[in-house]
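Working notes, beginning with the structure itself.
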Amino acid sequence: MHGYELWAELERRQVEKWASLSKPQVYYSLRKLAAARRIIASRDDDASLGPERRVYEPSDAGRRLLADSLARAQWATQRPPDPFATWLVLAWQARPRDVAAQLARRRRFLERQVTEDRAALGEVIAETSPSSDAAMVVRLSIRRFETELAWLEEVEARQRPG
């Protein structure tokens with residue numbers, strides 16, 4: 001597919017919920033992958049429409065690199081950074097009203113994410129199956145948010161020092 005088509009598909013699949021990715025990054029990555037011969041132009045629909053209309057497909061070398069990259073241990077052994085946890089560790093220095101406001105803000109955010117992800121799960125299942133990898137990832141996301149919501153109740157109920 002070409003760059004615009006790829007971006008539209010990523011948006012349709014709500015990739016921004018699971019990956020930090022922007023439209024310029026997609027085009028930059030396509031150019032970089034093409035320069036490294038990891039993808040190849042399979043056809044140009046119309047050269048006058050520019051590079052975003054160039055249709056790409058993976059090269060053999062690109063497929064091998066992807067397979068090799070997916071075998072790296074780091075995929076299974078890294079912890080994601082959590083800005084809210086960092087904030088909470090520092091929150092003892094914040095004003096009590098600001099702590100309460102941030103906790104309420106976090107609760108609303110988590111509740112919104114659960115609602116949106118449940119809707120996304122329905123769409124993923126309709127397009128794939130209940131046991132697809134994509135459905136499993138969305139379920140994991142929902143469970144993480146639900147777990148954090150339960151934990152947040154404990155945080156809100158505790159007696160803060162100071």
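Evaluating 6.51 cos²θ - 1.76 cosθ + 1.60 at θ = phi - 60° for every residue in the range 88-95, the Karplus couplings come out as 4, 4, 8, 5, 4, 8, 8, 5 Hz, glycine and proline recorded as x. Charge dipole (Cα centre; +1 on Lys/Arg Cβ, -1 on Asp/Glu Cβ; no other charges) of the range 80-157 amounts to roughly 320 debye. Taking the charge dipole of the chain about its Cα centre, with +1 at Lys and Arg Cβ atoms and -1 at Asp and Glu Cβ atoms, the residue from ALA34, ALA101, TRP18 reaching farthest to the positive side is ALA101. Each 10 Å bin from 0 upward holds the following percent of the Cα-Cα pairs of the chain: 9, 25, 28, 22, 12, 5, 0.
Think of the range 80-157 as a dipole: +1 on every Lys or Arg Cβ, -1 on every Asp or Glu Cβ, centred on the Cα centre; then among VAL89, TRP151, SER132, VAL89 lies furthest on the positive end. About the centre of its Cα atoms, the range 3-76 shows a dipole size close to 300 debye [charges on the beta carbon of Lys, Arg (+1) and Asp, Glu (-1) only; nearest 20 debye]. Summary value for the range 80-157: 32 percent relative contact order, contacts being C-alpha pairs under 8 angstrom separated by 6+ residues.
Calculate how steeply helix 3-12 sits against the longest principal axis of the alpha-carbon atoms of the chain, using the helix alpha-carbon long axis, and give the answer as 0 to 90 degrees to the nearest 10. Relative to the chain, helix 3-12 is tipped by roughly 30 degrees. In a simple Cβ point-charge model (Lys, Arg +1; Asp, Glu -1; nothing else charged), the chain has a dipole of about 600 debye relative to its Cα centre.
The angle between the Cα long axis of helix 60-70 and the main principal axis of the chain comes to about 20°, on a 0 to 90 degree scale.
Bear in mind that the values in this text are calculations on the coordinates, not laboratory data. All values reported here derive from a predicted model rather than from experimental measurement. As a convention, Cβ positions derive from the backbone with ideal geometry for all residues, glycine included, and neighbour counts pool all protein chains shown.
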